[in-house]
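A.B. asks: The structure follows.
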Amino acid sequence: MWEKQILLLPGPTQVPPRILQAMVMQQINHRGPYAQKLYAEIEEGTKKILQTKNDNFLLTCSGTGGMEAAVANLLSPGETALVASIGSFGIRFAEICEAFNVNVDLLDYPWGEAVNPDDIAKRLEADNEHKIKAVLVQHNETSTGVLNDIKAISEARGNHPALLVVDAVSGLAAADLPVDEWKLDVVIWGSQKAFMVPPGIAGLCVSPRAWEAVEKCTNSRFYFDLRLAKKYFEMGQTPFTPALSVLFAMRESLKLMLSEGLPKIFSRHAMYRDIVWAAAEALNLEMLAPRENASPSVTAIKAPEGMNANDIIKGMLRDFNVVVAGGQGKLKGKIFRIGHLGYVDGLDLISGISALEITLSRLGWPIENGAGIRAAEQIIRGRIETGACSDY
Ligand SMILES: Cc1ncc(COP(=O)(O)O)c(C=O)c1O
């Protein structure tokens, strides 16, 4: 019964029926007037989500394509990027830089920790010659469930001219990210996360300062050449045929998101994080992230001592059709991750938690039946009674 699946991945996420229906539209001329209107509406909506006046380029690719586009357009071979990595997507940034012959100064944190902005400040202060051209960092590290303090990281640059490139693929629209106020130079996002849209579109939000770097960059690039993207953007087009159906979905998603409003969206995601944390703690499970950096879009939970996390994931899928994610890289088998972003609600999470409780207890973890659900219900009930979230 795969149709009844409860998808609790940190992307792709479940898609609201209205968005699915919007995708069933006939294809249009991607260089015609309807397409121009479509791109303009998406541009206007995403600017509101990103809280920016900067241009926002639509790329037909996954989030990694957006990361590659940022590196390829900003950093020339032989230049240096300071990559602050707290998990597998941080390492991906470093690998992309290496593929483009960009020198990597790696601040490599243990997986589960957040970036310490003081470390960025120290590295940049020591760089008297301004060799570091850009700082590359994740807003939300999906592999560990850690949310970085991007405002503090941006401020840590002080007077150093390094650009700040933020991979916000899994963080945007789950946690606040006011691009202009925080002076973020490039922000990368993806359609399949908090936008509640299928995969296929990534976006790059580029500041005027970053544009200067794009113009100067000597890297080879073609499909992801932002100079080309800008030329077509000014004509109301994209350089190549975009994933139109995903763009139809994006337009519908932006309508939904903007009618809900950013404060309510953030508050809803904070509630999901609290539900999962409360339930996991009630089941005597340990999270990978420190509480103060807990992600509002995904929670990474350690498998109990002696248990393989993949057995938990398999059990939840086999017996309940509840889909959660595993650990990546060195965390394989050690953690499982519950995604809680986009089109999800408290009762979806309660179903997931119930599946988790039964699976854990069948695998021999001593828990009090219902303890996780009770804790989750208390969070939801608190929200109703304090009026903190009008959905509950
Ligand atoms: C933070 C982050 N960056 C980049 C990516 C890469 O996106 P994609 O898998 O769409 O290439 C992901 C995907 O999960 C992500 O979570």
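Here, each number is a calculation from the coordinates, and none is a lab measurement. Computed from a predicted model, the values in this text were never measured in an experiment. All Cβ positions, glycine included, derive from the backbone under ideal geometry; neighbour counts span all protein chains shown.
A.B. asks: Can you tell me what share of the DSSP beta bridges in the chain is antiparallel? A percent to the nearest 5 is fine.
C.D. replies: Antiparallel: roughly 50 percent of the beta bridges in the chain.
A.B. asks: With respect to the cross-link table entries LYS47/LYS193; LYS53/LYS216; LYS47/LYS151; LYS183/LYS334; LYS133/LYS230, which display a Cα-Cα separation exceeding 25 Å?
C.D. replies: Flagged as over cut-off: LYS183/LYS334.
A.B. asks: Bins of 20 Å, beginning at zero and ending with the bin holding the largest distance: percent of Cα pairs per bin for the chain, please.
C.D. replies: 29, 56, 15, 0
A.B. asks: If you don't mind, another one. Mind checking which lysines have their C-alpha under 16 Å from LYS264, skipping anything on the same chain fewer than 8 residues away?
C.D. replies: Straight-line reach from LYS264, under 16 Å: LYS48, LYS255.
A.B. asks: According to a simple spin-label model (label point 7 Å from Cα along Cα-to-Cβ), what is the distance in nm between TYR34 and ILE384?
C.D. replies: In this crude spin-label approximation the distance works out to 4.4 nm.
A.B. asks: Continuing with the same structure: How far apart, in nm, are two points set 7 Å out from the Cα along the Cα-to-Cβ line at LYS264 and at ILE358?
C.D. replies: Here the answer is 3.3 nm between the modelled labels.
A.B. asks: Can I ask one more? So if each residue of separation counts as 0.36 nm, and I subtract the Cα-Cα distance between LYS330 and ASN310, what length gain in nm does that give?
C.D. replies: Computed gain between LYS330 and ASN310 is 5.9 nm.
A.B. asks: Order these by the 10 Å Cβ neighbour count, fewest first: MET235, MET287.
C.D. replies: By the 10 Å Cβ count, ascending: MET235, MET287.
A.B. asks: Sticking with this one: Under a GNM of the chain (C-alpha, springs under 10 Å), which listed residue has the highest mean-square fluctuation: ASN29, ASN103, ASN308?
C.D. replies: Evaluated over the chain, the most mobile residue of the options is ASN29.
A.B. asks: Provide the gained length on full extension for the span ASP127 to LYS4, in nm with one decimal, where the gain is 0.36 nm per separating residue minus the Cα-Cα distance. Walk me through the intermediate numbers first.
C.D. replies: Numbers: separation 123, 0.36 × 123 = 44.28 nm, distance 5.45 nm.
Extending this stretch completely gives an extra 38.8 nm.
A.B. asks: For the Cα atoms of the chain, what angle does the longest principal axis make with the long axis of helix 33-50, in degrees from 0 to 90, nearest 10?
C.D. replies: Once rounded, one gets 70 degrees.
A.B. asks: A follow-up question, please. What Kirkwood radius, in Å to one decimal, follows from the Cα pairs of segment 14-105?
C.D. replies: 16.1 Å
A.B. asks: List MET250, MET257 from most exposed to least, where exposure is judged by having the fewest other Cβ atoms within 10 Å.
C.D. replies: MET257, MET250
A.B. asks: OK, next. Running a GNM on the chain with Cα contacts under 10 Å, which residue among LEU288, LEU356, LEU256 ends up with the highest mean-square fluctuation?
C.D. replies: With Cα springs under 10 Å in the chain, the top fluctuation among LEU288, LEU356, LEU256 is at LEU256.
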